[in-house]
Number of protein chains: 2
Amino acid sequence: MPAPLRLGLAGLGTVGIGVVGIVQRHADLIAARTGRAVVITAVSALDQTKNRDADLSGYAWEADPVTLAKREDIDVFVEVIGGSEGPARDATMAAIASGKDVVTANKALLAHHGQSLAEAAEDRGRVIRFEAAVAGGIPVIKALTEGLAGNAMRRVMGVMNGTCNYILTRMESAGLPYDTVFEEARQLGYLEADPNLDVGGIDAGHKLSLLAAIAFGTRVSFDAVEMEGIGAISIDDIKLAADMGFKIKLLGVAQMTGRGLEQRMTPCLVPADSPLGQLQGGTNMVVLEGDAVGQIVMRGAGAGAGPTASAVMADVMDIARGTRLSTFGRPAASLATPIAAAAATPAPYYMRMTLLDKPGALAKIATALGDAGISIDRMRQYGHAGAHAPVLIVTHKATRDDVNHAMGRFAATGVLVGDPVAIRIEEV
Amino acid sequence: MPAPLRLGLAGLGTVGIGVVGIVQRHADLIAARTGRAVVITAVSALDQTKNRDADLSGYAWEADPVTLAKREDIDVFVEVIGGSEGPARDATMAAIASGKDVVTANKALLAHHGQSLAEAAEDRGRVIRFEAAVAGGIPVIKALTEGLAGNAMRRVMGVMNGTCNYILTRMESAGLPYDTVFEEARQLGYLEADPNLDVGGIDAGHKLSLLAAIAFGTRVSFDAVEMEGIGAISIDDIKLAADMGFKIKLLGVAQMTGRGLEQRMTPCLVPADSPLGQLQGGTNMVVLEGDAVGQIVMRGAGAGAGPTASAVMADVMDIARGTRLSTFGRPAASLATPIAAAAATPAPYYMRMTLLDKPGALAKIATALGDAGISIDRMRQYGHAGAHAPVLIVTHKATRDDVNHAMGRFAATGVLVGDPVAIRIEEV
């Protein structure tokens, strides 16, 4: 049996301790499957005295992850610190510079610096693997990079922030407004220190940008992801969408169009009976569409010690087995700079508005839609008390420009109460 | 760039032509992703004159797949002939003997001869890859062997025969009996020449035995799969199960128990709102449960030219990239001979019976259940015309022995009309 593969583990939070757990618990299983022992040589975290509920006594301790990354007695630098800058980035660069392979769970780091890191690694003949960075325990990076490698990818989609999906499904099941459920989620510890990373779609946007790079052979371009969080989703929209047979999800969609690469992380309606529509709570789901394979759906835990450590160990064990892949599935130098395309792929839209209850109001809205070139698939006017009538419209396919144009015309009719809402319906 | 990877393609049916299509259409994409051109050198099929709607003019033709397998100008033998014996087996053995890697879609071959083939390949330093053999386009072999390699697997499950799932979901949606839908499926060309391969569970059983080998590090033991087809499933059971919140699926389940390896491919009830319960038509689904990752669900097309060729090409491209794995995820010589355990893991059961409509009938059944040590979760007696009362029972967890015991006691009560039905409810 070859010499053990030696890991330097930077970060001893939930995920780091999860990795320690697997390495210790499954030493025999790992050696049987990879033909090689996998051991942790040294670890690093901010506070050595903290009780971590794990036996770290056999590992050297480095206060500084950069020092850890440079140690001569490690082969693979495992980075589960997090953050796109600072120690995580410095240590990862140092690891590559000193000839180490890297396994990371850090979506922010790769979303911002993926290209330069991949180039640096490939220049040194090293690999960077990041299964744990996207959708937690779901082996989606592997599925996309390897399992579907024979496909021209058409579209990749995903619900990849469990906290947002928890909030949206909890709003529906309990009939509670956003603010209340947001506060619940905070109390439960589901939110990042900066909640906007979750509810603003940034965390999920990071993940989408990594999937897009692999799927379409382009440089990671997180800055081009159109992001819209879930903060404006009302319980009314959730209920009325359900009444029309839809669920609202914070859905990431990346597709290559004739205009360029479209990347969106926005609230969308999806059919209630689709796999995405049926996804409850904090679970993640990724949908991969290829020209040969059709649609592949993967579902699993998107966070947590066990699932994330499972993904880290998959990468580690690939390295132990001798599998060497380019970071984004092809040489970094060959990745194209994508043309960022505004989200203009036509789709049906859900529209909700409140009308003054006077003759001809609905006709004015219908006319405005027609003038904007949008035709109506379904319309529903709800019974109402008082002078206001809630109206729901599901349109046929329209571009967002047309929708925005129609919304402007609605305003000019003088029959609206408050602002209308329009949400894209993603056809899944 | 290294020399092209040269394929010898044996079998030019739907899948073979699908492989030709991807190799020809995506030559640039494949080279970009693997760093190496992938070309077809030679092909083999029974009838050279048949019009196959593909340009095969650039390929050498071999009437005999064994001759193809031995050609010096191929690196990888791609076997999409099918069948556990005869040309597929002979040619695969010949390919290995002459130092070729093998990519196969042949579940029957591996279910019957996986161990000897894996040993032969590993002795020669060759690989056998078979993503296409299980669940078509779903990259489940890769997910299990590599993506979840850090897990001790607890259970693997799957709906892996699209024809059976089509028949069961069509029976429910159209309210038609089994025989009618079976005949429909035959007319549509969904059935194998020997339909028992589909509806008897054999094809799906082959696939389950391969997943079990990887998951639990055991030799493939197809003969130990308990198989029961769907032929006895009545439209009454489908409707009544739905009424209790369940769907009936031909579900494969493999799990390692204290008694040994349990492998079942049998009709089961699953909750209607679970991913398995929601699976409609010919789509496949595999559920992988690991101690770290929890539950991973994968869904996609289980058959067809494009999906199956996608899986074949994933294996080919792994070889082109230099990825070398043991056939079943660890060296063949290290695979344990499993102890086959009868399916004795306790589960809730669904029971349906018809009772004579006379006082005390239900009490006798309840007593018989209690005497067999089985407690009742839910019972429902249906309104009825005439002297017969249909009764449904959902039990708490019981072993199958207990259930069989109870069924015997039922018979002795003298209040049953016809035979009672008992179907396991798999907790998913």
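Assorted remarks:
- Qualifying residue in region B:45-65 (condition: touching a Lys or Arg at 6+ places or on another chain (Cβ under 6 Å) and among the hydrophobic types (A, V, I, L, M, F, W, C)): no
- Selection status of B:Asp401, assigned to a helix (DSSP H, G or I), surrounded by 17 or more Cβ atoms within 10 Å (Cβ to Cβ), out of contact with any Pro (no Cβ under 9 Å at 6 or more places or on another chain) and not aliphatic (A, V, I, L, M): no
- Criterion (surrounded by 24 or more Cβ atoms within 10 Å (Cβ to Cβ) and either out of contact with any Gly (no Cβ under 8 Å at 6 or more places or on another chain) or away from chain B (no Cβ under 14 Å) (or both)) met by exactly one of A:Gly83, A:Gly13, A:Gly8, A:Gly58: A:Gly8
- Qualifying positions in region B:157-168 - polar (S, T, N, Q) and either within 11 Å of chain A (Cβ to nearest Cβ) or more than 19 Å from B:Val428 (Cα to Cα) (or both): B:Thr163
- Residue that is within 14 Å of chain A (Cβ to nearest Cβ) and of a type in the set (Gly, Ala, Ser), where the choices are B:Gly260, B:Gly282, B:Gly229: B:Gly282
- Within region A:110-132, being surrounded by fewer than 21 Cβ atoms within 10 Å (Cβ to Cβ) and within 14 Å of chain B (Cβ to nearest Cβ) holds for A:Glu122, A:Gly125.
- Members of region B:15-35 that are β-branched (Val, Ile, Thr), out of contact with any Lys or Arg (no Cβ under 6 Å at 6 or more places or on another chain) and over 15 Å from B:Gly58 (Cβ atoms): B:Val15, B:Ile22, B:Ile30
- Extreme residue, nearest to B:Ile81 (Cα to Cα), among residues of region B:26-43 that are touching a residue at least 40 places away in the same chain (Cβ under 8 Å) and touching a strand residue (DSSP E or B) at 6+ places or on another chain (Cβ under 6 Å): B:Val38
- Output for region B:296-319, where each listed residue is touching a residue at least 24 places away in the same chain (Cβ under 8 Å) and within 30 Å of B:Asp237 (Cβ to Cβ): B:Ile296, B:Met298, B:Arg299, B:Gly300, B:Ala301, B:Gly302, B:Ala303, B:Gly304
- All of A:Met407, A:Met353 fail the test of being within 20 Å of A:Ala241 (Cβ to Cβ), of a type in the set (A, V, I, L, M) and in a helix (DSSP H, G or I), apart from A:Met407.
- Number of residues in region A:204-242 that are outside any loop (DSSP other than H, G, I, E, B) and either surrounded by 20 or more Cβ atoms within 10 Å (Cβ to Cβ) or hydrophobic (A, V, I, L, M, F, W, C) (or both): the value is 23.
Table: residues versus (1) assigned by TED's automatic domain parsing to the domain that holds A:Gly201; (2) free of Cβ contacts under 8 Å to residues at least 40 places away in the same chain; (3) acidic (Asp, Glu).
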site	(1), (2), (3)
A:Leu109	no, yes, no
A:His112	no, no, no
A:Gln115	no, no, no
A:Ala120	no, yes, no
A:Ile128	no, no, no
A:Gly150	yes, no, no
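- Single unsatisfied condition, B:Asp28 versus (1) more than 14 Å from chain A (Cβ to nearest Cβ); (2) surrounded by fewer than 19 Cβ atoms within 10 Å (Cβ to Cβ); (3) among the acidic types (Asp, Glu): (1)
- Among residues that are within 11 Å of chain B (Cβ to nearest Cβ), modelled with pLDDT of 95 or more and on the phi > 0 side of the Ramachandran plot, A:Gly322 is included.
- Of all residues in region B:133-156, those being within 11 Å of another protein chain (Cβ to nearest Cβ) and either modelled with pLDDT under 95 or part of a helix (DSSP H, G or I) (or both) number 8.
- Residue in region B:144-180 that is farthest from A:Val23 (Cα to Cα), counting only those that are small (Gly, Ala, Ser) and surrounded by 24 or more Cβ atoms within 10 Å (Cβ to Cβ): B:Gly158
- A:Ala344 being more than 9 Å from every other protein chain (Cβ to nearest Cβ), under 29 Å from A:Thr169 (Cα atoms), outside any helix (DSSP H, G or I) and out of contact with any Gly (no Cβ under 9 Å at 6 or more places or on another chain): yes
The values are calculated or read from the model by the stated rules, or taken from the named source; none is laboratory data. Because the structure is a prediction, the values reported are computed rather than measured. Cβ sites come from the backbone with ideal geometry, for glycine too, and all protein chains shown count toward neighbours.
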